[in-house]
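Read the structure below first, then the notes.
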Amino acid sequence: MSAAASGTSKAAHGDVAAKRKKGPGALATAYLVIYNVVMTAGWLVIAVGLVRAYLARGSYHGLYYSIEKPLKFFQTGAVLEILHCAVGIVPSSVVLTGFQVMSRVFLTWAVTHSVREVQSEDSVLLFVTAWTVTEIIRYSFYTFSLLNHLPYLIKWARYTFFIVLYPMGVTGELLTIYAALPYVQKTGLYSVTLPNKYNFSFDYYTFLILIMISYIPLFPQLYFHMIRQRKKVLGHIEDYGKVE
Amino acid sequence: LSSPAVVFFEVEILDAKTKDKLCFLDKICFLFVSDPQWYPARQSIRLDPKGKSLKDEDVLQHLPVGTTATFYFRDLGAQISWVTVFLTEYTGPLVIYLLFYFRVPFIYPPKYDFTTSKHWVVHLACMCHSFHYVKRLLETLFVHRFSHGTMPLRNIFKNCTYYWGFAAWMAYYINHPLYTPPIYGEQQIRIALIIFLFCQIGNFSIHIALRNLRPPGSKTRKIPYPTKNPFTWIFLLVSCPNYTYELGSWLGFTLMTQCLPVAFFTLVGFIQMTVWAKGKHRSYLKEFRDYPPLRSPILPFIL
């Protein structure tokens, strides 16, 4: 009898939960549209900044400095997306989103900002470019999805550009961390040694190496997840072709 | 694994003396399958594919089924007994800590191999840490009464990584040649030790009280109440005082060693225990209508 009772009450609760989960309310949707529009605009500013700086200088070198502030601002702003998941207005996993956003924030602040010597490296331009193009597409994708008017081009771009942008970004990120290593070791940046009254130690140099190693299992998983998503989302086009 | 063979039974139960047909199938029988890899502990039988598992004690006649019943089978994956998991989880930290305490080679610079710390608090910490895990092992063997027999196998890897990893991390610093003893010296250590011992006794008292709630072999559930033992009077204010005392023990140990990794371990443990305590508190409230309203899950009045 207890099994039956818990069965019915669970079903009822499930219905109520399902109704609640039908999507963000009108206010949340309006907020999210504004958020995604602002982010799209922000990354467009960074894109334009990069192009203008390149045209003005005539070289790829040192373009980071021309977009340093908007990059920091808009990439850090993405932390709000973790909040969106936690509150429930966006149906993604808090942990997954948190992980993705924090890895970007880590590279922006704990590597590029903190180790001045790497700021003039070409690898920085590599990942900044990858991030910029990816984010412009991603945020416009969300904007249009929320407004229920998603142009196929944007959907296609979101699930296709990553094929090149993802490896490009990862390469830029890894090369940048690698470039930072000697300076971190020399200056003991963010490192704590024994003895101290809290009996704790932290070696940032080793930590960065471990981060680099962690790309090996993580990157393929994320990459192939996106490839599978691509087949699911865009796959039906190929099916129609086969029918003919 | 091959799919379980679906075998249809028509079971009639006769009275042994009169041979009258009784017609009751009065226990949920485990699925008859030829492959011994489908042992009972990993079978979940339920009325609804996404619903809760039926228990061994459930009686067919009391379930909301008509004359034809449809059950859904779910494979819970490889299972391992709770006792095995606990013993493995707790033996690890016990052994690992001692490896660091005795400064076994390849951990610290070679000149320190097999030396001992000059700080007496380090020896005290080793005794406390070891005592704690020996107590846990003995409780697992002689005190605890488990309501579920098993848990999924992958849990043992996750749990051991947590316990063994943290034990190694803590032990590394406490037994390090460059270890710095607590700022407030003997006074701090003495208070910390009192807190630690008090909470160890408290935690043990709660485990005994919970054990005595349940007669051997039964799975009955009752509300725990304070007993004659003063350490159990905390039941007046808290649903899961075993976790409260556990937190207290580790706070004592943190104070005793003044070691940041120990503080982290205490924090992570506290978060996990709070999650468990809230869940337990909620199920107490759901199951018992007369559950004392003054009680909080883990911290009196606060959490």
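Below are the figures for this structure:
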quantity	calculated
B:Ile208, A:Ile137, B:Ile271 arranged by Cβ crowding within 10 Å, fewest neighbours leading	B:Ile271, B:Ile208, A:Ile137
Amide H partners (placed H, <5 Å) of B:Val238, local residues excluded	B:Ser296
Trypsin sites (Lys or Arg not before Pro) restricted to the stretch B:115-166 and DSSP loop, no more than 10 other C-beta within 10 Å	B:Lys118
Long-range HN-HN contacts of B:Gln79 with modeled amide H, under 5 Å	B:Leu153
Order of A:Met168, B:Met170, A:Met39, A:Met102 under a 10 Å beta carbon neighbour criterion, fewest first	A:Met102, A:Met168, A:Met39, B:Met170
Residue exposure sequence - B:Ser117, A:Ser114 - by fewest surrounding Cβ within 10 Å	A:Ser114, B:Ser117
Residue pairs, from the table B:Lys52/B:Lys278; B:Lys50/B:Lys280; B:Lys118/B:Lys158; B:Lys135/B:Lys228, whose Cα atoms sit over 28 Å apart	B:Lys118/B:Lys158
The stretch A:69-197, relative contact order in percent, only Cα pairs under 8 angstrom and at least six apart counted	26
Unit charges at the beta carbon, dipole of the stretch A:114-244: most positive-side option, A:Ile136, A:Tyr204, A:Val170	A:Ile136
Intensity falloff of chain A expressed as log10 I(q)/I(0), Debye formula with alpha-carbon point scatterers, at q = 0.09, 0.15, 0.16 Å⁻¹	-0.52, -1.16, -1.26
Helix axis angle, A:122-146 relative to chain A longest principal axis, alpha carbon, degrees	20
Helical contribution to [θ] at 222 nm, DSSP H n ≥ 4, -39,500 (n - 2.57), averaged over chain A, rounded to 500	-26000 deg cm²/dmol
DSSP loop trypsin sites (Lys or Arg not before Pro) with at most 15 other Cβ within 10 Å excluded, longest remaining stretch of chain A	A:23-196
For chain A: lysine pairs under 23 Å (alpha-carbon distance), excluding those fewer than 8 apart on one chain	10
Inter-label distance for A:Val95 and A:Ser214, nm, one decimal - labels placed 7 Å from Cα along Cα-to-Cβ	1.4
Radius of gyration and Dmax over the Cα atoms of the stretch B:81-287, both given in Å	18.3, 60
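Laboratory data are not the source of any read-out in this text; all were calculated from the coordinates shown. Just so you know, these numbers come straight off a predicted model, no measurement behind them. Cβ coordinates were reconstructed from backbone atoms using ideal geometry, including for glycine residues, and neighbour counts include every protein chain displayed.
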